[in-house]
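J.: Could you have a look at this structure, given as structure tokens, before my questions?
The values are calculated or read from the model by the stated rules, or taken from the named source; none is laboratory data. Owing to the predicted nature of the structure, the values given are computational and were not obtained by experimental measurement. Because the Cβ atoms are built from the backbone with ideal geometry, glycine has one as well, and the counts that use them run over all protein chains shown.
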Amino acid sequence: MAPLTLEQVLHVAAEYNRQISPLQVLIYVPTLLVFVLLIRGTRQDTSRGVLLLLASQWGIVGVLFFLLHLAKVHVLGYAGAAFFVASAVYYAALASRPFPPQFHWKPDSQSWLSVTALAFGIFGYPALSYALGRGYPATLTYGLMPGSVAVLSLGVLLAARPAPRLLLLVPPLLWIMTAPLSIWQWGLWEDAALPLLGVMGVAGSLIWRSRLAGLEVKDTVRFDF
């Protein structure tokens, strides 16, 4: 139960990245496909596909990173595994519903916030690690890592229509709330941007919901597969 050191965390990250390579790159292939679907807004092939992709990413991190790597050096690995696997089951369950949420990018502020979060997760987050001297593979911000998956999920979920559902945002927001701990315990200052993204996401969700108050809108998409 002794606190993890930064050296231990980065060693686990390096071993994890080496063992799953090149999965970190390959995971961007279906992710890019989701981006295309978000632009197209084709209802039948976005809703379940988006949620199942998120479920797979949370499940991979929960099992491969937390359970099979971090849990070997600290009990916190089991807690992280339980949270990420539970989140994966949550998104998979949402995908199995008859009328899952619709995800679509449009030329509005909601979509721009979604794109901003995604761009930070893919480019800005790893770039901050490199700037702070933590290059691949000893990095926690590249590909299938907890913070990266949380930020990518936040960005995708902010594209939900007609407005982001706060319940959908719960898993990434809960993980983002651990950023101050990682800064205080290990000096991972790249995580300082995560709470800001979380606040922007919640604020945007509440603003868009307030604008829809009193309007007749459908919060689900009616279709069958």
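J.: Quick one: which helices (runs of 4 or more DSSP H) lie wholly within the range 1-103 and hold at least 3 residues that are among the small types (G, A, S) and at pLDDT 90 or above? Before the answer, list the steps.
T.: Details: elements: 6-20, 23-26, 28-40, 43-60, 76-95.
Counting at least 3 such residues, we get 43-60, 76-95.
J.: Among the residues of the range 82-100, is there at least one that is surrounded by 21 or more Cβ atoms within 10 Å (Cβ to Cβ) and farther than 29 Å from R40 by Cβ?
T.: Yes; the residues of the range 82-100 include at least one that is surrounded by 21 or more Cβ atoms within 10 Å (Cβ to Cβ) and farther than 29 Å from R40 by Cβ.
J.: Considering only the range 104-144, state which residues are closer than 29 Å to G49 by Cβ, of a type outside the set (D, E, K, R), more than 14 Å from the chain's Cα centre (by Cα) and not in a helix (DSSP H, G or I).
T.: Across the range 104-144, the qualifying residues are H104, W105, P107, Y136, T139.
J.: Cβ-Cβ below 8 Å, separation at least six or inter-chain, first residue in the range 116-134 and more than 21 Å from Q8 (Cα to Cα) and β-branched (V, I, T), second modelled with pLDDT under 90 and part of a helix (DSSP H, G or I): which pairs?
T.: Hits for this filter: I122/Y28.
J.: Now a separate question. Can you tell which of S153, S148 is of a type in the set (G, A, S), modelled with pLDDT of 90 or more, over 25 Å from H11 (Cβ atoms) and under 15 Å from the mean Cα position of the chain (by Cα)?
T.: Just a single option satisfies the conditions, and that option is S153.
J.: Consider the range 162-210. How many of its residues are basic (K, R) and free of Cβ contacts under 8 Å to residues at least 60 places away in the same chain? Before you say what the answer is, go through the steps one by one.
T.: From the range 162-210, those basic (K, R) are 165, 209; that's our starting set.
Then drop every residue that is not free of Cβ contacts under 8 Å to residues at least 60 places away in the same chain, which leaves 209.
Adding up the residues that qualify gives 1.
J.: Just checking, which of L53, L38 is touching a strand residue (DSSP E or B) at 6+ places or on another chain (Cβ under 6 Å) and surrounded by 18 or more Cβ atoms within 10 Å (Cβ to Cβ)?
T.: Only one candidate passes the filter, namely L38.
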